Structures are given as structure tokens and as C-alpha cells.
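The values are calculated or read from the model by the stated rules, or taken from the named source; none is laboratory data. Computed from a prediction, not measured in an experiment: that's the story for all the values here. FYI the Cβ positions are ideal-geometry reconstructions off the backbone, even for glycines, and counts take in every protein chain you see. Each accessible area value is taken on the protein alone, full model and side chains, heavy atoms only, with ligands, DNA and RNA left out. Shrake-Rupley method; radii C 1.70, N 1.55, O 1.52, S 1.80 Å.
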Amino acid sequence: MGLEERPIQLPNEKDKTHPTGTICVHAFSDLTYISPVVFLYLLKECYIHGTCKATMKFRALQQEVYQVLHNDPQPGPATFVIQCLYVLPIFGLYCEGFSHLIVSALRRFLKLGTDPADSLEAKDLATQLFLDIARGFVNHDERIVVKILEVFDIKLNNIEKAMYQVKERNECGCDAAKSFLEQYIFELIESQSYMVAVSLLEQFSIRQSRQSFLLSMIQNKQFQAAGKWATFMGKQMLCVLVQEYIDRNMLKHANDIIKKNNLRQEFPDVYHKSKESSLKKLAEKGCWEVAEAKTNSDRQLLEYLVNLAVEAGYSEKVDELCDRYSLEGFLHIKVPDTSYLHSRYLHLNKLVVEDINWVDEVDGLRNATCHFEGCKVVGVDCEWKPNYEKGSKPNKVSIMQIASEKTVFIFDLIKLFEDVPHILDNCMTRILQSPRILKLGYNFQCDMKQLAHSYGELECFRQYEMLLDIQNVFKERQGGLSGLAKKILGAGLNKTRRNSNWEQRPLTQNQLEYAALDAAVLVRIFLHVCSHSQPATVTGGHDKIDWKSHIVSHMDNNIKKSKKEIRSKKQLKAALIKEHCQSS
């Protein structure tokens, strides 16, 4: 039958240095005498014996089918594919995937040009296939129906012709064909296959002006189908769709429809409402720089952003925006007083923190290290300047804050690394790798990876000992550290300055307090939990937390420890936890 075997070379996702993988495929040098059944059987064998992932195999086989269609299939490429679609249901589980595969390959093949005779015969056969699928005689996925209609450009007159040819004279005619299609589309709507139904309405230019259809799609969250159908129906239905989105406070969806269909004149206020909603979400996440960029220097939006900063008590951002954009009307605006903010959020005073120390030179670094070597438990956190450009590398970790029960030291890592890298390495090693200091963090293993990436020359950030990640202890993680603090200590953390510029020097007092609080609250949560019985909402109903099982260490692969050392560390963990909990 003129069959030859050859491998297709494919990228291997697991091995990026040697991007080769193989899939067993057949190159059909001559399809003149190959039947659709044999062709599909060999295609199935190729798929089964391929060594790549499913997506890679699909792409490779799609390319192979595209090439095969040049090898003179009879009676022609398009007709051959339709014949394959008739046969495919007998292949069971492979039917759906192979249907999309060969139709996609044909669509690509037809871009090069078509034989008129093959094209005409294929269209007639495809129309009949559509009728057989719609009547349930041939079992195919509904989505393949849309592809068949699109690829072969089947219209209402083709349906009429097909119905006439099978001598269904009692059904033939324009009205009968349209009624048949409407009934099929109604069944699709009943089964909530909205996108397929809309595609058929558009393909056959059937206009249904029922607003209930639109509402049904929105209620079932089929927003893409609703937009497609409203666009097909015209401006009036698009306006109805926008108003429905507005009434449901789905301003982003409304604004997308307005922009895509040039409806700003009909809905002048929606653009700003949508933007304001977006700005508020960004501000709540602390993404002030992104929010500022999203305003596109629109004065109305900038003023709204300033108001958000005022509400959040972010005085530096208020001054910064007013100065940059000359918003004189806001220069004398009052930010909520500190007593209001203290009532809403935790503050260092509530945590009995007495001192914040900024460390950017050798003496301070050594003093801080000596202080922590005398502590049994510390809280650790890091901050770095956010980078909002997609695909760009994250910025270096700017500061590391370490807190004991009453004191916080904030280390200027950038300056210390530039001035005294060896001393920084030694001091941080004495803290992070000490088996006698319990380090508390919140998702701090992620921070350690960022530290190692930022300061790869240093050994201190490549490994750690006795790290207790608070995030892993509690099952409920909604709201992050702020949410956990609120559940355990009664008040959350003000995260307004989370994404501020941590590379600016000097840091503002508010930034220093924010950074110190993130480390200090870890110590307070740990001590509070140790000294109180646990509420069921926090610990999943357990009265005691097995802290010991959550303590982790990470060592370089090159460093191997003896069983005696490992056993000794387990005993030390238990002793430390017991001592901390008893003392608290």
C-alpha cells in the first residue's frame, strides 16, 4: 500500500538541553488505495505508541495529517476527511480528539486552494453528515458540528438540497429546513450548549429576538456566548446586554462590550465606573503603582485614586500623587487619624514591641546577630520592590526583618551586601542555620528561594535550620497572614504598603513599621497559640498543635548528615518547642 515508517522529532519538555522526543508515525506516500478505516486505524496506532505527552502528539499528528492530504487521497482531500468523520464513531474514545484533529488539518490544507469538484462533493457529503448528526444517526461531539459547518461553509440552501435529494419531499423547502434547524438549536439551548447554539444561529442567519435567551446565558455564566449572540443580533441587543451587566454590577464585562462595539456614547459613565472598580481592587491588594498606570493620567481617575489612598491612611501616596499630577485640591485633605487606623489594624504597641533598629553597617549587624543568638524564637520576613513587567526578572530582596519578642532589626541587605558581603554571610549563617533558634515565617521558604536568587554568592541563604512556617500549621489560609492575625489576635494587618518601593532610602516611618510588624506578629501568634486553648475555627478542632512536625530544614545537596546528627536534631526540636510553650 505504499506505506513507509519514519519518526517525527519533537521537543521533549522534561529535557530542555536535548529537545528531542519521538512519536511513531506513518508517512503515507500514496493514499490512492487507502480507505478511511485503514487510515484512521494507522492514525490510532501512531497515537497509542507515541512517547510524547498528549498535546505534543496531537500537534505532531495534525502536522502529519496535513502532509498526508497532499498524497492524493481519493476521491479528494476534503471528501476523504468527511468519509473519515462518518467512520470515526466506531473508534470510541478516540472519536472526539481525532475529529477535531483531521478537521483542523483540513482547514489548514484548504488555505492553499481547493479542487472545485472535490469541494462541491465534500460540501454535499458534509451537509448530509450534519443532518445525520442532528438526527442522532451519527454520534459526534456538538463542537465538531460547528467546525464542519464553518470549514465547508454550509448554508440553508445546502440543507434544503440535502433534504430534497433523500426524497424527503414532505420536509423539503426553505421553511422546512429552517424549522428543522430551529428545532435542533432549541435542543442545544435546552441542554445549555449555548456557544454551539449561537454559532448555528449565526451560521444560518437565524435571528431570534427573545431577550430571555440572553438572560439565560448570563445566568449560566456563558458570557462569551452572550456577547457573540448580541453582536450578531445588532446594536439594540448589545445595549440590552450592557445594561444587564451594569444592573448586576459586572462593570468589567459591560466595559469590554462597550469598547469592542464602540458604545461609549450610549453609556458615558460606565467606563469610569469600571475603571474605578478596577482601581479599588488594585489598591486593596496594595498595587498602587499598577493602579496609577491604569489611570492613564485621567484626572477624574487620579482623584479617585487619591481618595482611596486617603481612606487607606496612605499619606505618602497622597502627597506623591498630588505633587506628581498637581492635584491642588487635595493638598489640604486630611488622612484618617492614627487612632482610627489603630482601631482597625494591629499596631506595634499592641504587640509590645519596644524598638525598631535599622541595620546598614557592620557594628549594627554584629550587635543584631549577638542579640538573636541569645533568643530561642524569632520571626523572619523579607520585602522587595515589586516588578509589574511581564517576563522580567524579580527585583533583589531589599530588606530582611527579624523580630524577637520585643525588638525588631531591619537589615538593609542591598547596602550590606555591597559593603561587607563576607560579614553579612557569616552573621546570617549564625542566625538562619542555628539549630538552637526557632525561626518563624509565613511562606518563608518562598522568601528563602528569592534570597538565594538575589544573593547567589552568599552561602547563608542556601540552607536553613529550624524553620517553622506558620502558613503550613493552620488549615485556613484565607486572607494570608493578616487574616490569620485577625482570627488569633483579634485584628488584622494593614497591607497598604505591601507593594511600595522597598529600594528607596531612607524608608518612610510607615514602611519601617509595616516591615517590623510582619515579623513581630509571627512571634506574637506563636506565643499566643502556645498559651491559650485553640478555637476550632483556627485549628480544625484540635486542642493542641503538633508544632514539631511542621519544623523544616533545608541543606545543600552536597551536605550529608549522619543518622546520629538527624536524631539529635529531632530531640532538639521537641525540647525547644516544649520550652517555648512552657515559658509562654
Item checked: For region 99-231, accessible area per residue (1.4 Å probe, heavy atoms of protein chains only), Å² -> 49 Å²
Check: Among 367-380, 429-442, how do they line up from the highest to the lowest mean number of other beta-carbon atoms within 10 Å?
Finding: 429-442, 367-380
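Give me the compactness ratio for region 170-255, meaning the Cα radius of gyration over 2.2 N^0.38 Å.
Numbers: Rg = 13.9 Å, N = 86, 2.2 N^0.38 = 12.0 Å.
Dividing the Cα Rg of region 170-255 by 2.2 N^0.38 Å gives 1.16.
Which FRET efficiency value, to the nearest 0.05, is calculated for ARG436 and LYS252 with the Förster distance at 60 angstrom and r the Cβ-Cβ distance? Walk me through the numbers before you get to the answer.
Numbers: r = 53 Å, r/R0 = 0.88.
The formula returns an efficiency of 0.70 here.
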Checklist line | Pair GLU354, LYS486: separation of 7 Å Cα→Cβ label points (nm) | finding: 3.2 nm
Checklist line | Positive minus negative residues near MET195 (Lys, Arg vs Asp, Glu; Cβ under 15 Å) | finding: -2
Next item on the list: Please turn the phi angles of region 109-115 into ³J(HN,Hα) values with the Karplus equation 6.51 cos²θ - 1.76 cosθ + 1.60 (θ = phi - 60°), one per residue in order, whole Hz, x for glycine and proline.
Entry: 5, 5, 5, 7, x, 9, 7
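State, as an integer percentage, the relative contact order of region 215-333 based on alpha-carbon contacts under 8 Å between residues 6 or more apart.
Details: 80 pairs, mean separation 14.4, N = 119.
Value for region 215-333: 12 percent.
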Margin query: Relative contact order for region 376-415: what percent, with Cα pairs under 8 Å and sequence separation of 6 or more?
Written below: 37 percent
Check: Residues with beta-carbon under 14 Å from that of GLY76, excluding GLY76: net charge, scoring Lys, Arg +1 and Asp, Glu -1?
Finding: -4
Check: Under a 1.4 Å probe, what is the accessible area of region 362-441 per residue, stated in Å²?
Finding: 43 Å²
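If you add up the charges near VAL65, with Lys and Arg at +1 and Asp and Glu at -1, over every other residue whose beta carbon is less than 13 angstrom from its beta carbon, what do you get?
Working: positive: LYS44, LYS57, ARG59, ARG107, ARG108; negative: GLU64.
So the surrounding residues net to +4.
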Margin query: Leaving out ligands, DNA and RNA, and with a 1.4 Å probe, what % of the accessible surface on region 407-496 is carbon or sulfur?
Written below: 48 percent
Checklist line | Entries in LYS123/LYS161; LYS317/LYS439; LYS439/LYS548 that, when Cα-Cα distance is taken, lie over 22 Å | finding: LYS317/LYS439
Next item on the list: Heavy atoms only, probe 1.4 Å: what % of the accessible area of region 244-333 goes to carbon and sulfur, would you let me know?
Entry: 44 percent
Check: Residue separation times 0.36 nm, minus the C-alpha to C-alpha distance between SER179 and CYS446: what's the value?
Finding: 90.0 nm
Notebook entry, point to check: Ignoring any ligand, DNA or RNA, what whole percent of the accessible area of region 193-243 comes from carbon and sulfur when the probe is 1.4 angstrom?
Noted result: 45 percent
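Please give the peptides 115-124, 64-73 ranked by average Cβ packing (other Cβ atoms within 10 Å per residue), highest first, as a rough proxy for protection.
On the way: 115-124: 16.1, 64-73: 19.4.
Averaged packing, sorted descending, gives the order 64-73, 115-124.
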